[in-house]
Amino acid sequence: VDVGTNGCLDAHDLGGNFGDVLAPIVVEQVEVPYIPMYEVQTTVDIPHDASAADMKAAIESLSQACTVNVSRQLNRNGFSWDITFVETKESTFSPLLVISVNGENLSAYVDPGVTAVGLQQVEVATTAGGIPYFVRVAAVNSFGLGPFAVSNPRAVEVSPQPPSEPVEVFIEAISDEEVLVQWNAPLESGGKPITYYKIEYDELSSFTGGQNGGPMGSVSVSSSAIHSISDVQTITVKIDKQGAMYLSGSFSLAFEGQSTGQLPYNASPRDVKDALEKLCNVGEVEVTRSIHCSSELSIGCMEPDGYSWLVTIVSVYEIGDQHQRYTSKLSTRTSHKLSVDGSYLSECSDVSRTTCSVGGRAVANVGTT
């Protein structure tokens, strides 16, 4: 409290002591009331009969969802979708664990509705086959162990099973006589190594165009003859210029809806690798960098016009060709799963980069090698 300057009463005027003549000091502070609001990520409207691919595309459009597996089953007069959130083993990403649903636009003759129910599952290793196993589950909190609930059915006998179906099966025409077939391994092997894959083809979607109502033809491919395809992409940031201009600023990368933080315009290969591998849907990538030397002879390669990073996608959840494929009308993604945002790249008029403007002729793009 200031009692001697700036217009306040001076203690010297009262003999060095304060008395009752001093009025109380009142401080008034205005506080504006507020309530924090959070916008919940929401999908586009999903049709009542959405396919598994539709549901997958809608949920993966949310940045908090990462990657999901979806299967659909008939359920009385409607449908049920089983949705499993997945990410790479190296990821520390925490997916959106709670889904709420809005059936406001549903209509039916009798009581339309939609519900979301959380499911928990775990794979339990058993010691021997051919023996029935009983299972029960209890919840535990800080107060202790709750009651057990027994399974339904009460017991199952473990035994080798056929593998589940391959995932992400795609075809494309590569000539007037050939189609290229790509797929990822099944989620479940059935407890035994997969020995080979059987590929059937036909001119009819029912696969009944061959002899005795079977497919027209088939090919067997040994699993030992199959190898994964490492997708390779080039990320480029540069000054698209005529004259002495200098690149500056930053850029970000995204892979299938998951974005990195901002990276400097001249980021090292290690910086790019670390940023991509932190994404929940990327396992391992290899990155190398090259520079674009200036066409100005006085500058040359001392102050490059730009940089290119060669990104080899070694390990992701869905391996192989990483181009987006049109599997659902609800998908908002196009071209390649890897993209670059150069909104914060700048062009500078001096080599010390003190006079810069965002955008201009600074550009960023992704190209397939």
Global geometry of region 168-278, whether rounded, prolate or oblate, following the gyration tensor of its Cα atoms and the 1.5 cut on a/c: prolate
Using only the Cα atoms of region 129-179, build the gyration tensor, take square roots of its eigenvalues as a ≥ b ≥ c, and label the shape rounded, prolate or oblate: rounded if a/c is under 1.5, else prolate if a/b is larger than b/c, else oblate. oblate
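Cβ neighbours within 10 Å, averaged per peptide: list 177-190, 343-356 in order, most packed at the top.
343-356, 177-190
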Filter on Lys56/Lys278; Lys238/Lys278; Lys238/Lys337; Lys192/Lys278 - keep pairs with C-alpha separation over 29 Å: Lys192/Lys278
Whole Å is fine, so just give me how far the alpha carbon centre of region 258-296 lies from that of region 158-235. 34
Normalise the Debye intensity by I(0) for region 91-235, one equal point scatterer per Cα, no solvent, then take log10 at q = 0.11, 0.13, 0.18 Å⁻¹ and round to two decimals. -0.90, -1.10, -1.19
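How would Val167, Val30 rank on accessible area, largest to smallest, probe 1.4 Å?
Solvent-accessible surface, decreasing: Val30, Val167.
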Leaving out ligands, DNA and RNA but keeping every protein chain, what accessible area does Phe207 have, in Å² rounded to the nearest 10, with a 1.4 Å probe? 90
Using a 1.4 Å probe, how large is the accessible area of Lys329, given in Å² and rounded to the nearest 10? 140
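Carbon and sulfur atoms: what percent of the 1.4 Å accessible area of region 120-192 do they account for?
Whole-percent figure for carbon plus sulfur exposure: 58.
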Any idea of the accessible area per residue across region 133-216, 1.4 Å probe, to the nearest Å²? 82
Taking a ≥ b ≥ c as the square roots of the eigenvalues of the Cα gyration tensor of region 30-164, is the shape rounded (a/c under 1.5), prolate (a/b larger than b/c) or oblate? prolate
Environment charge at Phe134 (Cβ cut-off 15 Å; Lys +1, Arg +1, Asp -1, Glu -1): +1
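The values are calculated or read from the model by the stated rules, or taken from the named source; none is laboratory data. Predicted model only: the values in this text are computed from it and were never measured. Because the Cβ atoms are built from the backbone with ideal geometry, glycine has one as well, and the counts that use them run over all protein chains shown. The accessibility values were calculated without ligands, DNA or RNA, using every heavy atom of the protein model including side chains. Shrake-Rupley method; radii C 1.70, N 1.55, O 1.52, S 1.80 Å.
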